[in-house]
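Participant: Right, I'll just put the structure down here and ask away after.
Rule-based calculations on the coordinates, nothing more; no lab input. These numbers were taken from a predicted model, which means no experiment stands behind them. Positions of Cβ are generated from backbone atoms using ideal geometry, with glycine treated the same way; all protein chains shown enter the neighbour counts.
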Amino acid sequence: MRKAKHPAIFWLFLAPVLFAFVVVIVIPFVLGAYYSFTNWSATARVGDALKLVGLANYAGILRDPSFTYSFIITVVYTLLNMIAINIVSFGLAMLVTQKLFGRNVYRAGFFVPNLIGGLILGYVWQFIFDNAVPSLGTFLGFASWADPANLLLAHNTTALLAMVVVGTWQYAGYIMVIYVAAIETIPQELIEAAQIDGASTFRRLRSITLPMIRQALTVTLFITLVNSFKQFDVNVSLTGGGPSAMFLGQPIYGTQLLAMNIYNQGLKSDDMAGGQARAVVFFLVLVIISVIEVSVNKKKEVEL
Amino acid sequence: MKYFKVFVPILLAVFLGACARPPQHITLEQNKPEIDAALKAYAGVWSTANKVTVTVKSVGGSSGIDLGTQLKADFAAGDMPDIFAISGLEDYKQWANITLDLTGEKWINDTAVPFKVDGKVYGFPVAVEGWGLAYNADILKKAGVDPLTLDNYAAYKAAFEKINGMKAALGIKSVVSMAASIDMSWVTRDHDLNALLSNGLSYGDMSATNDLLAGTVDAKRLSEYADWVELMFKYADKAVLTTGNYDAQVGAFASGKAAFLHQGNWVDPNMAQAKATFAMAFAPYGSSSQPTDGIFVSAPSFYVINKNSKNIPAAKKFLTDLVYTDAGNKYMVVDALMIPAYKNVTLSPTGQLSKSVQAWAAAGKIYSWNQYNFTQEFREKTLAPIYNQFATGAVNKARFIDLMTKAFEGLKK
């Protein structure tokens, strides 16, 4: 088989995107990796000359309990968020592919939260959890809703669940669209044949729908995995690092996900190089996890 | 050819016109969002009068996005403002390489508190600010508590218990409006911390601060301070304490739902906005068993000029005009409700809490602000979670003292 030669027009079309990709992602990444081996700070202190410090920043990561803690809760948050988003969005997708009146309105409506920025979502939901729910409870007569001890954002465990709620609300519509596209490609003859054979709804779901959307599942699991791992906007606005927690005998921020940990290290602790080192570790972990996830899913896909 | 003859001269005229008068521009970045509107209005007026565009950026209110962080981002982007605000020695050290030496400026002679390092002046004091525990005089009168007796721990404990027992009759939800969530941690780890550093010590006495910076903890002083913190947390509205934001905390006091407020005279604009007209003033902190008859007053915030600014004369004039023009004085005192740090300014702010600060300062009963001698990292990363753990009830007072002791001892080099 002859490989087609790429004509100049091919590269011309690709050039703007390649340029943006290289300038915005590749170059800062390489520069950042370089800076992680230096003593770069974010300020103009006297006597602040840039010099190489080898692996000192990486050693600092191991000594900082807040990074380990952030890593653990980011993994927990990612797992919970992935499960929640996929279940909710698949349910919504099944719903809007039925012959419902106004289903196109529903499809658009469920997608809208994704268009609102993460910061605004976080502030809106912070208001809901802190002010709206207690007020509603008082109005309806459920005094326990207004009890400060029962506020979701008052404890770091429930604050993490609150972040999962907001994360699901943010991405369910977006992932739903992917599932809808996949469900609509399932040939109707298969469904009808199964119905004639007397298969129940649940059996049809398990044996026809789910295997047929395997390709979409690879994509959605990947997107939800990466986006949950990288969560920052909602973290900052909803909990701000959240109520404190005690980890290894030290009080630390209780709902500080990895991205926020990197941001705080770089900008609040005057330690851009340290933040950069953490970012490199973050990148490596995410690459390894994503590659494993995609290769596992690829093997299970069904080719039509 | 005809178009060429017409087009080129027009282009040249525009080009030369633009070159002849390059637009002058200065940027000012500061951290008091409560004066943002007033400052922008004044900057607009000053811009027109001086033909220099002034862009004002205000950052602050919550811990997530604060001025220090914004400045670091600006510095990395090569976009440093011409004038920006710093809060003290540690802040100054972060920017020491790019702050302009302002020794010799006219306003230095008219203020008692210019920011000086090694004998050279680097900072223009923005305002005199202060805080003690703000109280609602009407509620205290109804409860039969005399604010003049509130200057030590025992007096506060008795007063708080009394008011707490009369909550329903007074129509309040909690005795004190205090915030200790991570987002509002500047209330605990900056302002309340200062009680440990300077309450009861004469103005400018840095002994307690220097001891802690060196890792030496005075156990008795810390223990009495912990009693005070416990009192604050015990009699606060738990919802505001653990999850409230700035509006929730200040709003509770403004709407008469709390008898005391743990904030400073900078809330005067918020009080005016909420139309809170009840009598209010400051009482000293009761963080010691001994009476501490004074409140914390200082000029905490300074404007510094960027050495690499392209418009240093305009920046200098902006600062000088604040002190020596009527419009500048009116903005500082009447619009922004700040207490001026300059002797020549005859206007006096109308906010009750600012008047209270001025009264305490006139009586000479003031203590210094020393919290900004600790780094941002130490206050935000180490101290804030400790206060938060205590506020949410995750640790008790003994453990709080233990954690604070360990935190300060960790500063030993």
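Participant: Over 18 Å between Cα atoms: which of B:K93/B:K307; B:K173/B:K238; B:K32/B:K234; B:K40/B:K355 fall into that group?
Facilitator: Where the Cα-Cα span goes over 18 Å, the pairs concerned are B:K32/B:K234; B:K40/B:K355.
Participant: Please arrange B:M271, A:M82, B:M206 by how many other C-beta atoms lie within 10 Å of their C-beta, fewest to most.
Facilitator: Numbers: B:M271 22, A:M82 25, B:M206 14.
Fewest-to-most Cβ neighbours within 10 Å comes out as B:M206, B:M271, A:M82.
Participant: A:F29 versus A:A143, label points 7 Å from Cα toward the beta carbon: distance in nm?
Facilitator: Each label point lies 7 Å from its Cα, and together they span 5.8 nm.
Participant: Restricted to Cα positions, what overall size does segment B:220-271 have along the principal axes? Three whole-Å values, descending.
Facilitator: Projected onto the principal axes, the Cα atoms of segment B:220-271 cover 38, 23, 17 Å.
Participant: Where both partners of a DSSP beta bridge lie in the protein assembly as shown, what percent of those bridges are antiparallel, to the nearest 5?
Facilitator: The antiparallel proportion sits near 65 percent.
Participant: If R₀ is 56 angstrom, what is the calculated FRET efficiency for the pair A:R203 and B:K234, using the beta carbon separation as r and rounding to 0.05? Write down the numbers at each step before the final one.
Facilitator: On the way: r = 60 Å, r/R0 = 1.07.
It comes to 0.40.
Participant: Which angle from 0 to 90°, rounded to the nearest 10, does the C-alpha axis of helix B:397-409 make with the longest principal axis of chain B?
Facilitator: Taking Cα atoms only, the helix is inclined about 40 degrees.
Participant: Here is a further query. Distance check, please: which entries in B:K51/B:K317; B:K51/B:K316; B:K343/B:K365; B:K57/B:K343; B:K142/B:K167 exceed 22 angstrom between their Cα atoms?
Facilitator: Values: B:K51/B:K317 12 Å; B:K51/B:K316 15 Å; B:K343/B:K365 19 Å; B:K57/B:K343 28 Å; B:K142/B:K167 11 Å.
B:K57/B:K343, as the Cα separations exceed 22 Å there.
Participant: Compute the relative contact order of chain B as a whole-number percentage, counting only Cα pairs closer than 8 Å that sit 6 or more residues apart in sequence. Intermediate values should be presented prior to the final figure.
Facilitator: On the way: 717 pairs, mean separation 108.4, N = 413.
Reported as a whole number, the value is 26 percent.
Participant: State the Cα centre-to-centre distance between segment B:323-356 and segment A:214-228 in whole Å.
Facilitator: Result: 59 Å between the Cα centres.
Participant: Here is a follow-up. Looking at the protein assembly as shown, what % of the alpha carbon pairs are farther apart than 39 Å?
Facilitator: Values: 115551 of 256686 pairs.
That tail contains 45 percent of the Cα-Cα pairs.
Participant: Given Cβ point charges of +1 (Lys, Arg) and -1 (Asp, Glu) and nothing else, what value in debye, to the nearest 20, does the dipole of segment B:72-156 about its Cα centre take? Show your work: numbers first, answer last.
Facilitator: Details: 7 positive and 13 negative charges, 39 e Å.
Charge dipole, segment B:72-156, about its Cα centre: 180 debye, nearest 20.
Participant: Next question. Report, as a whole number in µm² per second, the diffusion coefficient that Stokes-Einstein gives for segment B:94-164 at 25 °C and 0.890 mPa s using the Kirkwood radius over alpha carbon pairs.
Facilitator: D, rounded to a whole number, is 152 µm²/s.
Participant: With N set to the residue count of chain B, report its C-alpha Rg divided by 2.2 N^0.38 Å to two decimal places.
Facilitator: Numbers: Rg = 23.7 Å, N = 413, 2.2 N^0.38 = 21.7 Å.
Cα Rg divided by the expected 2.2 N^0.38 Å: 1.09.
Participant: Can you pull the percent of Cα pairs in segment A:67-218 with separation above 27 Å? Mind dumping the intermediate values first?
Facilitator: On the way: 4638 of 11476 pairs.
Result: 40 percent of Cα pairs exceed 27 Å.
Participant: Next up: What net charge is computed for the residues neighbouring B:T382, neighbours being all others with C-beta under 10 Å from the C-beta of B:T382, Lys and Arg scored +1, Asp and Glu -1? Don't skip to the end; give the middle numbers.
Facilitator: Working: positive: B:R189, B:R379, B:K381, B:K406; negative: B:E377, B:E380.
Net charge in that neighbourhood comes out at +2.
Participant: Further question on the same structure: Please list, or write none, the aspartates and glutamates whose alpha carbon is within less than 20 Å of the alpha carbon of B:K141, excluding same-chain residues fewer than 8 places away.
Facilitator: B:D151, B:E161
Participant: What does the charge add up to near A:V285, with Lys and Arg as +1, Asp and Glu as -1, over the other residues with Cβ less than 15 Å from its Cβ? Show your work: numbers first, answer last.
Facilitator: On the way: positive: A:K230, A:R278; negative: A:E293.
That sum, taken over residues with Cβ under 15 Å, equals +1.
Participant: I'd like the distance separating the alpha-carbon centroids of segment A:85-131 and segment B:142-208, in whole Å.
Facilitator: 45 Å
Participant: If you don't mind, there's one more thing I want to ask. Which FRET efficiency value, to the nearest 0.05, is calculated for A:I128 and A:L161 with the Förster distance at 22 angstrom and r the Cβ-Cβ distance? Before the final figure, lay out the partial values.
Facilitator: Values: r = 14 Å, r/R0 = 0.64.
Efficiency, from the Cβ-Cβ distance: 0.95.
Participant: Over all alpha-carbon pairs of chain A, lay out the pair-distance distribution in 20 Å bins, whole %, shortest bin first.
Facilitator: 25, 50, 23, 2, 0
Participant: Now, a different point. Identify the residues of segment A:98-124 with backbone N under 12 Å of a label point that sits 7 angstrom from the Cα of A:Q188 along the Cα-to-Cβ direction, or state none.
Facilitator: Counting backbone N atoms under 12 Å from the label point, the list is A:99.
Participant: What is the Å³ per residue value for the convex hull set by the Cα atoms of segment A:159-221?
Facilitator: Details: hull volume 5.8 nm³, N = 63.
That works out to 91 Å³ per residue.
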